[in-house]
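Novice: Quick one: structure below, then a few questions.
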């Protein structure tokens with residue numbers, strides 16, 4: 001699996017071979033190959049190492065973390081030092097303070113121990129890093145697998161990718177669609193929500209959070225006001241709670257609520273979110289539809305297309321928003337430095353607003369305007385190239 005993420009692996013290897021300067025942190029959603037990448041890096045480094053995982057929440061505490069670190073120190077007594085890999089480190093309560101103390105001790109002693117931390121809840125990992133480890137780490141983000149990676153690894157065409165998404169671990173199951181959907185729901189969705197969100201964050205209404213996730217899948221690619229969202233949910237809540245739950249789901253790498261593009265930060269934060277699942281497999285697995293049924297449904301298939309385009313941009317770490325003025329809308333607005341790109345997706349789905357590229361261009365003068373699908377860039381071509389290439 002690591003061969004298909006060679007650029008990330010090369011970054012890891014280069015940094016771990018350098019003189020000891022920073023903690024290395026590999027963060028991303030579940031089932032995107034973080035552990036595989038770490039273990040492959042250890043094989044290619046050919047130096048002493050120690051790997052430990054805190055994924056089992058039972059018995060993983062400060063004492064456990066200190067014990068694993070000590071084993072890494074023992075391995076580093078040789079001339080070339082060693083590498084310590086701590087997987088799912090965010091599961092240990094107070095992990096960042098402990099890591100800071102141990103890292104600073106080794107820095108003073110000039111211990112030759114290089115440390116690689118892995119985490120499947122990016123938001124929680126980043127909180128711990130910013131709170132305690134500022135100036136001591138370098139972050140490497142690992143996103144969902146792209147179309148080009150799934151095509152290279154499994155020979156998928158774009159239609160198969162649009163429906164089955166970018167989970168390499170689930171790919172061998174697609175011949176049995178019921179089994180594939182069950183795996184995605186049970187091993188990916190439920191595990192992410194229960195172990196990466198509910199177990200590690202304060203969530204007063206777990207049922208509501210699960211409903212928000214289902215809503216994000218059902219309405220992915222659509223703008224939905226918080227008021228309308230509340231009307232769709234069975235559990236009572238408020239807009240602040242819904243916004244917070246969308247933030248948690250985004251932090252786990254499965255769904256986000258995109259802000260409206262505006263010159264005012266206050267208006268952006270107060271805008272209705274555009275719901276977006278970050279992997280189309282999440283939509284298909286929760287829909288109950290099989291591939292042939294989905295392909296024959298223009299409305300559903302259009303949502304998969306729009307979601308895939310948006311997820312391709314968000315998973316690349318780009319700043320992505322949407323825009324609407326009166327009855328004119330632009331699907332995605334991407335900002336990178338001074339570059340502003342407006343993207344309209346032609347998917348065949350009936351929309352509740354008209355294309356607004358001309359109106360947006362008059363108001364904001366984007367650097368680039370891009371039409372994906374229809375008479376524009378083919379969806380396959382758009383997804384096959386790195387998202388950054390369309391923004392530069």
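The values are calculated or read from the model by the stated rules, or taken from the named source; none is laboratory data. These figures come from a predicted structure and were not determined experimentally. So basically every Cβ, Gly included, is an ideal-geometry build from the backbone, and we count neighbours across all protein chains shown.
Novice: So, in segment 345-358, how many residues would count as being closer than 23 Å to residue 392 by Cα, buried (at least 20 other Cβ atoms within 10 Å of the Cβ) and in contact with a helix residue (DSSP H, G or I) (Cβ under 9 Å, 6 or more places away or on another chain)?
Specialist: Residues meeting the conditions: 1.
Novice: Among the residues that make up segment 357-371, is at least one of them under 27 Å from the mean Cα position of the chain (by Cα) and closer than 22 Å to residue 299 by Cβ?
Specialist: Quick first cut of segment 357-371, residues under 27 Å from the mean Cα position of the chain (by Cα) only: 366-371.
Retained after the next criterion (residues that are closer than 22 Å to residue 299 by Cβ): 371.
The answer is yes, given that some residue of segment 357-371 is under 27 Å from the mean Cα position of the chain (by Cα) and closer than 22 Å to residue 299 by Cβ.
Novice: Would segment 230-249 turn up any residue that is more than 17 Å from the chain's Cα centre (by Cα), surrounded by fewer than 23 Cβ atoms within 10 Å (Cβ to Cβ) and either in contact (Cβ under 8 Å) with a residue 60 or more places away in the chain or closer than 20 Å to residue 351 by Cβ (or both)?
Specialist: Yes: segment 230-249 contains one or more residues that are more than 17 Å from the chain's Cα centre (by Cα), surrounded by fewer than 23 Cβ atoms within 10 Å (Cβ to Cβ) and either in contact (Cβ under 8 Å) with a residue 60 or more places away in the chain or closer than 20 Å to residue 351 by Cβ (or both).
Novice: Which of the residues that make up segment 216-229 are without any contact (Cβ under 8 Å) to a residue 40 or more places away in the chain and crowded, with 19+ Cβ neighbours inside 10 Å?
Specialist: 229
Results for (1) in contact with a strand residue (DSSP E or B) (Cβ under 8 Å, 6 or more places away or on another chain); (2) modelled with pLDDT of 90 or more; (3) surrounded by fewer than 15 Cβ atoms within 10 Å (Cβ to Cβ); (4) within 21 Å of residue 148 (Cα to Cα), shown as yes or no for each residue.
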{"position": "1", "(1), (2), (3), (4)": "no, no, no, yes"}
{"position": "4", "(1), (2), (3), (4)": "no, no, no, yes"}
{"position": "12", "(1), (2), (3), (4)": "yes, yes, no, no"}
{"position": "19", "(1), (2), (3), (4)": "no, no, yes, no"}
{"position": "43", "(1), (2), (3), (4)": "no, yes, yes, no"}
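Novice: Based on this model, can you work out whether residue 185 counts as in a helix (DSSP H, G or I) and more than 23 Å from the chain's Cα centre (by Cα)?
Specialist: Values: in a helix (DSSP H, G or I): yes; more than 23 Å from the chain's Cα centre (by Cα): no.
No, not satisfied.
Novice: On the basis of being part of a helix (DSSP H, G or I) and under 23 Å from residue 317 (Cβ atoms), does residue 131 make the cut? Working first, answer last.
Specialist: Working: part of a helix (DSSP H, G or I): yes; under 23 Å from residue 317 (Cβ atoms): yes.
Spelling it out, residue 131 is indeed part of a helix (DSSP H, G or I) and under 23 Å from residue 317 (Cβ atoms).
Novice: Just checking, which of 335, 295, 369, 290 is in the same structural domain as residue 221 (by TED's automatic domain parsing), surrounded by fewer than 18 Cβ atoms within 10 Å (Cβ to Cβ), in contact with a helix residue (DSSP H, G or I) (Cβ under 7 Å, 6 or more places away or on another chain) and more than 30 Å from residue 169 (Cα to Cα)?
Specialist: Numbers: 335 fails: in contact with a helix residue (DSSP H, G or I) (Cβ under 7 Å, 6 or more places away or on another chain); 295 fails: more than 30 Å from residue 169 (Cα to Cα); 290 fails: more than 30 Å from residue 169 (Cα to Cα).
After applying the criteria, what remains is 369.
Novice: Which of the following residues is modelled with pLDDT of 95 or more, farther than 26 Å from residue 297 by Cα, crowded, with 19+ Cβ neighbours inside 10 Å and in the same structural domain as residue 250 (by TED's automatic domain parsing): 320, 309? Please lay out each step first, then the result.
Specialist: On the way: 309 fails: farther than 26 Å from residue 297 by Cα.
Exactly one residue qualifies, and that residue is 320.
Novice: Here's something else I'd like to know. Residues in segment 154-173 that are in contact with a helix residue (DSSP H, G or I) (Cβ under 7 Å, 6 or more places away or on another chain), without any contact (Cβ under 8 Å) to a residue 24 or more places away in the chain and either part of a loop (DSSP other than H, G, I, E, B) or closer than 22 Å to residue 28 by Cα (or both): how many?
Specialist: Going through segment 154-173 one residue at a time, the tally reaches 3.
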